[in-house]
Amino acid sequence: MKAILNELRLHGDYSTLGEKTNYYLAADNPVQLYKRILLRYQQDYENDRIGLVKDAMSYLWAARRGLTEHELLWILGSQNEPLARGRCSAFLSAIHDSFVDRSGLLNFSNSYLREAVEQIYLPGQEQKRKAHIRLAKHFHIDGNFESYPRQIDEYPWQLARACEWESLAEILAMPRIIKWLRNLNPSDSREYWAQIEKNSKFRMVEYFKTSLEKDKDYSGAGAGEMFDLLFEKGHQEKACSLLRKAIGKGETSNTPEELQNLMRRLAEVHAKLGEIEQAMRLFREQADMCRRIGNQAGLAAALGGQAILMHRKGQEAGALALLKQVERIAISIHSNNHLANCFNNKALVLRGMGDVAGALASLEDATRLAKESGDVIAEITVLGNQALIQDQEGAFDAAILTSEKQEALCRRFDIRNMLANCLQNQAGYLRNAKRGLDALHKNEEAVALYSYSSDCSTLATVLLNQAAFQSYCGLFKDSKQTLQRAREIVLKLGSSALLQRLHKMENK
């Protein structure tokens, strides 16, 4: 109704007012109404610039979060000059009520106008693609200058929507761009690479290798983010090699902030491998460095890492004391991300102390904060811990449902190491729920994922699990073959715990 009244206000011809009113009221739905309004815009506002309405509306539709008026004028311009505002001022005034202004960015105020624009001006994929390419050209980043947030937010997003996979891979392989992008939108890099590898031949590991070879002055800027992405994709050896190379440059090539961040990641690798003392030493060194340079966020991460290691050693009281420090720091620096990780870790400690209700409540807080901060890794981790506690409490169906949510996020962002772990755990929940065949299928995929990684210890574990599931389902021949494959890996590793489990299964 507001749109109709605004049109009648601008009509200006009282003799045909009734006819114009009936014309708009005859629209079958709001989308059809806005189509009629758009046609009126074309008749009234394209005298000074042909195609003004079509182009402006198409570019506003294609923008990720909208466009500033300044950006729109440049995109509508030609020959490296913006369109003079006087040539479109009447049009901009007319559309004012149909748009919202969020921090200077103009965007559609309702979905009906957006849909009308799409149906009239962008009905096919090629029209949409051209609009995204035009915006990508405007927001282009070449990596040779300190870019500003609008470019980092829009340029990769436009390339992804335009299916320009090679250009997107090139920009995402620039270490400093990776760092800026991850600071601005934590989950974007993961989602972009998932789209690239799903829809093209281009692979992250190859582009990162080429990028680092070209960057002769490469230091730690972006190394942590590159490590995360490689590690999540299952390229553990390459990720750790990159990390050690960056740390080896020391403070001569890294800022103290970069170096403490790299140390945290290496500590987490040692923790994953069960090398608790090495991990604890690195977390303590990181904490000392953060205190010297006044980096509260880094200090929170270092203390949180120490807390989890203490939890793994059964030192729950000490772990809880450290997490209380982390909570105070996270609140003081207004960091939902660190607070989410703190509550997530706190849940594990509380569960270890027998406080199940407190653990689940802490996980609820962690879930909310992870979503608010846009940290998909934190959200996936929280779901994993929630499923684990549900399973331990005998709520097997609830654990399976929670694990399926975790699985969906892992698949969406193509985080393979977390997906493999999720599937492995989910197989256990399914087995506990007496769904042996479903457990077998989930664990089969986990085996396939770990087979492409360098984590031989976990591969051996999931193979032993697979043999157990096969035996449970009566597939004794398959179980024997799987045990033989596991035996080869276990003997190479020399792990006493895995050898003991292998011998126990073989003697059954």
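Listed here are the residues, each with its yes/no results for (1) without any contact (Cβ under 8 Å) to a residue 24 or more places away in the chain; (2) part of a helix (DSSP H, G or I); (3) surrounded by 20 or more Cβ atoms within 10 Å (Cβ to Cβ).
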position: LYS442; (1), (2), (3): yes, yes, yes
position: LEU464; (1), (2), (3): no, yes, yes
position: PHE469; (1), (2), (3): no, yes, yes
position: GLY474; (1), (2), (3): yes, no, no
position: THR482; (1), (2), (3): yes, yes, yes
position: ILE489; (1), (2), (3): no, yes, no
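In the condition set (1) over 24 Å from the mean Cα position of the chain (by Cα); (2) of a type outside the set (D, E, K, R); (3) buried (at least 19 other Cβ atoms within 10 Å of the Cβ); (4) farther than 22 Å from LEU184 by Cβ, HIS235 is compliant with all but (1). Among the residues making up the range 58-90, those that are part of a loop (DSSP other than H, G, I, E, B) and of a type outside the set (Val, Ile, Thr) are ALA63, ARG64, ARG65, GLY66, GLY77, GLN79, ASN80, PRO82, LEU83, ALA84, CYS88. Just one of the numbered conditions (1) surrounded by 16 or more Cβ atoms within 10 Å (Cβ to Cβ); (2) in contact (Cβ under 8 Å) with a residue 40 or more places away in the chain; (3) out of contact with any Lys or Arg (no Cβ under 7 Å at 6 or more places or on another chain); (4) within 30 Å of LEU184 (Cβ to Cβ) is not true of VAL349; which one? Here VAL349 clears every test but (4). Residue pairs whose Cβ atoms lie under 7 Å apart, sitting 6 or more positions apart in sequence or on different chains, and linking a residue in the range 96-111 that is open to solvent by 50 Å² or more (accessible area, probe 1.4 Å) to a partner that is among the aromatic types (Phe, Trp, Tyr), are SER109/PHE99. As for the range 364-373, it holds no residue that is modelled with pLDDT of 95 or more, assigned to a helix (DSSP H, G or I) and out of contact with any strand residue (DSSP E or B) (no Cβ under 9 Å at 6 or more places or on another chain).
GLY248 meets all of the listed conditions (1) closer than 25 Å to VAL205 by Cβ; (2) of a type in the set (Gly, Ala, Ser); (3) surrounded by 15 or more Cβ atoms within 10 Å (Cβ to Cβ) but one, namely (3). So, in the range 277-300, how many residues would count as being in a helix (DSSP H, G or I) and either open to solvent by 30 Å² or more (accessible area, probe 1.4 Å) or modelled with pLDDT under 90 (or both)? The qualifying residues number 11. Checking the range 428-442 against the condition returns no match, with no residue being among the hydroxyl-bearing types (Ser, Thr, Tyr) and at pLDDT below 85. For the range 411-429, a residue qualifies if it is touching an Asp or Glu at 6+ places or on another chain (Cβ under 9 Å) and under 20 Å from ASP228 (Cβ atoms), and the qualifying residues are ARG412, PHE413, ASP414, ILE415, ARG416, ASN417, MET418, LEU419, ALA420, CYS422.
Remark: LYS371 matches the filter, which requires a residue to be free of Cβ contacts under 8 Å to residues at least 60 places away in the same chain, open to solvent by 30 Å² or more (accessible area, probe 1.4 Å) and either more than 30 Å from ALA317 (Cβ to Cβ) or hydroxyl-bearing (Ser, Thr, Tyr) (or both). Taking the criterion of being part of a helix (DSSP H, G or I), open to solvent by 80 Å² or more (accessible area, probe 1.4 Å) and modelled with pLDDT under 90, no residue of the range 113-144 qualifies. Somewhere in the range 450-458, is a residue crowded, with 17+ Cβ neighbours inside 10 Å and not in a helix (DSSP H, G or I)? Looking for residues that are crowded, with 17+ Cβ neighbours inside 10 Å and not in a helix (DSSP H, G or I), one finds at least one in the range 450-458, hence yes. Of the residues screened, ARG431 is one that is of a type in the set (Lys, Arg), farther than 30 Å from ASN199 by Cα and in a helix (DSSP H, G or I). When ILE196 is tested against (1) at pLDDT below 90; (2) more than 21 Å from ARG65 (Cβ to Cβ); (3) crowded, with 20+ Cβ neighbours inside 10 Å, just one condition goes unmet, and that condition is (1).
The values are calculated or read from the model by the stated rules, or taken from the named source; none is laboratory data. On a predicted model such as this, the values are computed, not experimentally measured, just so you know. So basically every Cβ, Gly included, is an ideal-geometry build from the backbone, and we count neighbours across all protein chains shown. The area values use the complete protein model at the heavy-atom level, side chains included, leaving out ligands, DNA and RNA. Shrake-Rupley method; radii C 1.70, N 1.55, O 1.52, S 1.80 Å.
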